[in-house]
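Trainee: Would you mind keeping the following structure in view while I ask a few things?
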Amino acid sequence: MPRTIQLSVRRQDTPASSAYWEEYELSYRPKENVISVLMEIAKNPKTRDGKPTSPVVYDRACLEEVCGSCAMRVNGVARMACTALIDSLEQPVKLEPLAKFPVVRDLSVDRGSMFESLKRVKAWVPIDGTYDLGPGPRMAESERAYAYELSKCITCGNCLEVCPQVNDRSNFMGAAPISQVALFNRHPTGRMLTGERLEALMGDGGLDECGNAQNCVRACPKSIPLTTSIAEMFRATTVHGFKKLFGT
Amino acid sequence: MTSERVIVVGGGLAGLMATIRAAEMGVAVDLFSIVPVKRSHSVCAQGGINGAVNTKGEGDSPEIHFDDTIYGGDFLADQPPVKAMCYAAPGIINLLDRMGVMFNRTPEGLLDFRRFGGTKFHRTAFAGATTGQQLLYALDEQVRRFEVEGLVDKHEMWEFLGLVRDADGNCRGIVALDCVSMRIEAFPALAVMLATGGPGIVFGRSTNSVINTGTAAAAAYQEGVRYANGEFIQVHPTSIPASDKLRLMSESARGEGGRVWVPRARGDKRAPKSIPETQRWYFLEEKYPAYGNLVPRDIATREIFQVCLMGFGVDGKREVYLDLTHIPRKELDVKLGGILEIYEKFVGEDPREVPMKVFPGMHYSMGGLWVDYAADPRNGTLDETSSRNQATNVPGLYAAGEVDYLYHGANRLGANSLVACLYAGKIGGPAMVRYGRDRGARLPPDDGAFAAAKKRWETEFARLARMSGPENPHVIAEEMGDWMTDNVTVIRHDGKLSETDVKLQELSERWNRIGLSDSSAFANREISFVNQLRNMLVLARVMTRGALLRQESRGAHYKVRDLEKGVTEENALPRDDANFLKTTIAEHTEDGPRITYAPVDTSLIPPRARKY
């Protein structure tokens, strides 16, 4: 059992400034995770050699892997920091911000582009209004159970982080919003916007940019069948394209 | 484009519902949130949402839901709004269903319902065990639609600092901090709603997200908004203890058949599965044969607490077993998958194979900002067209969700929080729009209040930035949390409450000697936290003073004569309807909270003894 917990954090003071590494050492406690260690540092912010520093800035909220905030690279792997248990990590534990999003400060990044993609693909059910219109459409439990898996996306960005096609030279929206199209096109009311969603996927930064590396599905903390969604959307857009071409 | 604008602060279920409802009325909404709204704390709700839809043919009805809720809350809730909520609940579930929430289904394709605490009916609609997440996403998606249409402007990563009030005291807008650029701005609105959630972080570790500091409610309170029933804090019976938070283990685990037990022999070291049935003590089932493991949370929590106090905790620790291992794996995965994954990931054991170890953890505040309602004498529910619904005592300021005090009385039933948030947002959104159109629009133009409020907060934050004393804010927060958890949760005792009140004042003194370790003028979370901490300390005193002055036991507020004797009927002060069937009202003064009491509307169900 190591008697200390050692941490290296890649820090960056502002979006424009250059990054630097800082190292910390804390006394060992069992059952820590990356967030609890960062919390402990904030109580006495000092580097390993005793130099006073500022608390590390990072995004976090629920600490139960459901809010999607605390995605970062832990020992080089894109994952949620709250479920990164110290006892299962090689030390020193290296923390870096996600590289595919603009850094705000330290480990905090701006994932606003993901929410923009959700607008673009119309990821919603077009209800008429909130007034009482009785129950929603019936669904078979088996169909519901599959859709539920897709609806668990926490917009953490890990699938974009690991995708080779998401880079400075492309506008690829990544797997998360594509899978949301698969979700909403399944819903009995949601599918009324099927055509518009598929058009969005056929546009710039859409499905065509996918290189089929399949990293996304392995990086998803919610085990969403992202590559299945992508394959399904490839078929759907192809059919949609033909229909448009031949006007049927 | 409309020129009518309202402000909603908070993007959880209540805030998003209010936003949707206001936008539907053609009003533009400025929506402020400390995090991207999709990451709000509603996402953590697990078990489900109550509504007496009666798809199981059990004879359930909104009237029984109403009675269960009032009885569960030990008669402290005003009855008309609770009745209105229970009658609205089936419609709210239908609405969520239409929005595409992937609720579990019956073989006929209808919504499935599960059991929850404090009722004998299958009344809880659920989407696996991540119902809050699914509900929040459905509302987030509808709000995004309005965003695209130009009716909603999101201000994410902005933190509410305070109100803008004109010379006559009307709320005219808010002052907020951009948590990235650290810019402070004042924003005008016809009306403002706070939907900022609960105060779990006042207790240090809780089931709440770390963003749930209660800072917005506490700031409003210090500007003259009344805070009601602050002493009523729900401690959830089953959470997973850890050093960073107490992770929730949903009541749905028991709703689906999970059993709570400890070994009958103190300090029994055997693996749980090797302990035979006869040597297990299913203490909830034994003491409460009618409700078993599904007694309301305040009761289950006290029983678990007491069993551990008596030395029966697993390995002598403050832990009991929550056992699902007798339920088929497949069923567990479909109905409880999300929470089992949480347990597995954090504890490293498979709860399908090994009983979980859990202990009570602070979970929810029944108390919150005082809000009004307009009763409809014709049917005992609410006049939902009134601008009085969800209105605080400050004209133009509304509150909805966990931050209001209205729907749960002295103890909240499981799965009633989601419906309360949505109902409050559903009636509160239109109420604020009506106020804005009727009265807000007729208020005189800006009297300089905006510039003054902005200046005040800029000056304040400049002062905070210069703090250079020896104290660390996170250390003060930890002490506050430990004191509050030890003394203002499950068992309350006058001596300890008095000591806590003194301690909180000492911590407030120490707050003045904080030194900031972060001097950056960019994305400085430390300075935000220092401001939040001051507010948390104020709110902690409201809770503590309320508990000290309430000389009875009611729901989650359980006061004992002798701490050593723990949870026993003789040791607890009895419920005292003559003196304390009253809403606690706290008002801020320089010397701490001034506590008064207001009558409770019990016009529909006469109070009776609460025995499960």
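Trainee: Output needed: percent of Cα pairs per 10 Å distance bin for the range B:41-175, bins running from 0 to the one holding the longest distance.
Mentor: In order of increasing distance, the bins hold 11, 30, 29, 21, 8, 1, 0 percent.
Trainee: May I ask for the Kirkwood hydrodynamic radius of the range B:536-593, worked out over all distinct Cα pairs and given in angstroms to one decimal?
Mentor: Evaluated on the range B:536-593, it is 12.7 Å.
Trainee: Provide, in order from the shortest bin, the percent of all Cα-Cα pairs of the range B:216-350 in each 5 Å bin, continuing until the bin that contains the maximum pair distance.
Mentor: Computed distribution, short to long bins: 2, 9, 16, 19, 20, 14, 7, 5, 4, 3, 1, 0.
Trainee: Moving on to the next point. Find how many whole Å separate the alpha carbon centroid of the range B:420-483 from the alpha carbon centroid of the range B:341-359.
Mentor: 40
Trainee: Starting from the alpha-carbon convex hull of chain A, give the projected area averaged over all orientations, in nm².
Mentor: Mean projected area for chain A: 17.0 nm², to one decimal.
Trainee: Along the charge dipole of the protein assembly as shown, pointing to its positive end and built from +1/-1 on Cβ of Lys, Arg, Asp and Glu, which listed residue (B:171, B:299, B:556) has its Cα farthest out?
Mentor: Among B:171, B:299, B:556, the one farthest towards the positive end of the dipole of the protein assembly as shown is B:299.
Trainee: Accessible area of residue B:312, 1.4 Å probe, to the nearest 10 Å²?
Mentor: 30
Trainee: From largest accessible area down, sort B:154, B:245; use a 1.4 Å probe on the protein chains.
Mentor: B:154, B:245
Trainee: Now for a different question. Rg and Dmax of the range B:479-612, Cα atoms, in Å?
Mentor: 18.3, 58
Trainee: Looking at the range A:91-149 from every direction and averaging, what is the projected area of its Cα convex hull in nm²? Please report the intermediate quantities before stating the final value.
Mentor: Working: hull surface 33.0 nm².
Computing the convex hull of the Cα atoms and averaging its projections yields 8.3 nm².
Trainee: Sorted by accessible area (1.4 Å probe), largest first, how do B:426, B:565 line up?
Mentor: These residues rank, largest area first, as B:565, B:426.
Trainee: Please report the orientation-averaged projected area of the protein assembly as shown, defined via the convex hull of its C-alpha atoms, in nm².
Mentor: Dividing the Cα hull surface by four gives the mean projection, 35.0 nm².
Trainee: Can you return the lysines within cross-link range of residue B:565? Criterion is Cα-Cα under 16 Å, with same-chain partners fewer than 8 residues away left out.
Mentor: By straight Cα distance, residue B:565 reaches B:496.
Trainee: Pairs B:38/B:345; A:31/B:317; A:94/A:222; A:100/B:335; B:120/B:335; B:582/B:611: which exceed 27 Å Cα-Cα?
Mentor: A:100/B:335
Trainee: Report, to the nearest 10°, how far helix B:62-72 tilts away from the longest principal axis of the Cα atoms in chain B, using its own Cα long axis and a range of 0 to 90°.
Mentor: 80
Trainee: Probe radius 1.4 Å, ligands and nucleic acids ignored: give me the carbon and sulfur share of the accessible area of chain A as a rounded percent.
Mentor: C and S atoms contribute 52 percent here.
Trainee: Another one. Taking amide H positions as placed 1.01 Å from N in the peptide plane, with prolines and chain starts having none, which residues 5 or more places from residue B:554, or on another chain, fall under 5 Å of its amide H?
Mentor: B:559
Trainee: Looking only at Cβ-Cβ distances, which cysteines of chain A have no other cysteine closer than 4.7 Å?
Mentor: When partners are defined as cysteine Cβ atoms under 4.7 Å apart, chain A leaves A:70, A:82, A:153, A:156, A:163, A:210, A:220 without one.
Trainee: On to the next question. Summing +1 for each Lys or Arg and -1 for each Asp or Glu, what net charge is found among the other residues whose Cβ lies under 15 Å from the Cβ of residue B:591?
Mentor: Working: positive: B:541, B:545, B:594; negative: B:501, B:509, B:587, B:590.
Summing Lys and Arg as +1 and Asp and Glu as -1 gives -1.
Trainee: Further, regarding this structure: Just the number, please: buried accessible area between A and B, total of both chains, 1.4 angstrom probe, nearest 100 square angstrom.
Mentor: Summing both chains' loss of accessible area gives about 5700 Å².
Trainee: Still on this structure: Give me the net charge of residue B:268's neighbourhood, meaning all other residues with Cβ under 11 Å from the Cβ of residue B:268; Lys, Arg count +1, Asp, Glu -1. Numbers along the way, then the final one.
Mentor: Numbers: positive: B:264, B:266, B:269, B:270, B:280; negative: B:315.
Taking every Cβ under 11 Å from that of residue B:268, the sum is +4.
Trainee: Which value, in Å², gives the accessible area per residue of the protein assembly as shown when a 1.4 Å probe is used on the protein heavy atoms?
Mentor: Details: 29960 Å² over 860 residues.
Per-residue value: 35 Å².
Trainee: Related question: In degrees, nearest 10, range 0 to 90: what is the angle between the Cα axis of helix B:473-487 and the longest Cα principal axis of chain B?
Mentor: Between the helix axis and the principal axis of chain B, the angle is about 50 degrees.
Trainee: Can you work out the base-10 log of I(q)/I(0) for the range A:1-125 at q = 0.13, 0.23 1/Å, using the Debye formula on its C-alpha atoms alone?
Mentor: The calculated log intensity ratios at q = 0.13, 0.23 Å⁻¹ are -0.53, -1.47.
Trainee: Please list 3J(HN,Hα) in residue order for the range B:233-242, calculated via the Karplus relation 6.51 cos²θ - 1.76 cosθ + 1.60 where θ = phi - 60°; whole Hz, with x for glycine and proline.
Mentor: Working through the residues one at a time gives 10, 8, 9, 6, x, 10, 9, 9, x, 7 Hz.
Trainee: Taking the Cα centre of the protein assembly as shown as origin and charging only Cβ (+1 Lys, Arg; -1 Asp, Glu), how large is the dipole, in debye to the nearest 20? Walk me through the intermediate numbers first.
Mentor: Numbers: 105 positive and 108 negative charges, 192 e Å.
Taking the Cα centre of the protein assembly as shown as origin, the dipole is about 920 debye.
Trainee: Then there's this: Taking the radius of gyration and the Kirkwood hydrodynamic radius from Cα positions alone, what is the Rg/Rh ratio for the range A:181-248, to two decimal places?
Mentor: 1.00
Trainee: Then there is this: On a 1.4 Å probe surface of the protein chains, which of B:483, B:511, B:281 comes out largest in accessible area, and what is the full order?
Mentor: Working: B:483 75, B:511 10, B:281 45 Å².
Of B:483, B:511, B:281, the descending order of accessible area is B:483, B:281, B:511.
Trainee: Could you give the size of the charge dipole of the range B:234-375 about its Cα centre, using +1 on the Cβ of each K and R and -1 on the Cβ of each D and E, expressed in debye and rounded to the nearest 20?
Mentor: 380
Trainee: Then there's this: Nearest 20 debye, what's the magnitude of the dipole of chain B about its Cα centre given +1 on Lys and Arg Cβ and -1 on Asp and Glu Cβ?
Mentor: Charge dipole, chain B, about its Cα centre: 680 debye, nearest 20.
Trainee: I would also like to ask the following. Kirkwood Rh, Cα Rg: Rg to Rh for the range B:504-553?
Mentor: 1.17
Trainee: Okay, next question. So for the range A:112-195, taking the charge dipole from beta-carbon charges (+1 Lys/Arg, -1 Asp/Glu), which of A:126, A:113, A:194 sits furthest toward the positive end?
Mentor: A:194
Trainee: Bin width 20 Å, origin at 0, all Cα-Cα pairs of chain B: what percent of pairs per bin?
Mentor: 21, 56, 22, 1
The values are calculated or read from the model by the stated rules, or taken from the named source; none is laboratory data. All figures in this text were calculated on a predicted structure; none of them were measured in a lab. Glycine also receives a Cβ, built like all others from the backbone with ideal geometry; neighbour counts cover every protein chain displayed. Side chains included, ligands, DNA and RNA excluded: accessible areas come from the protein's heavy atoms. Shrake-Rupley method; radii C 1.70, N 1.55, O 1.52, S 1.80 Å.
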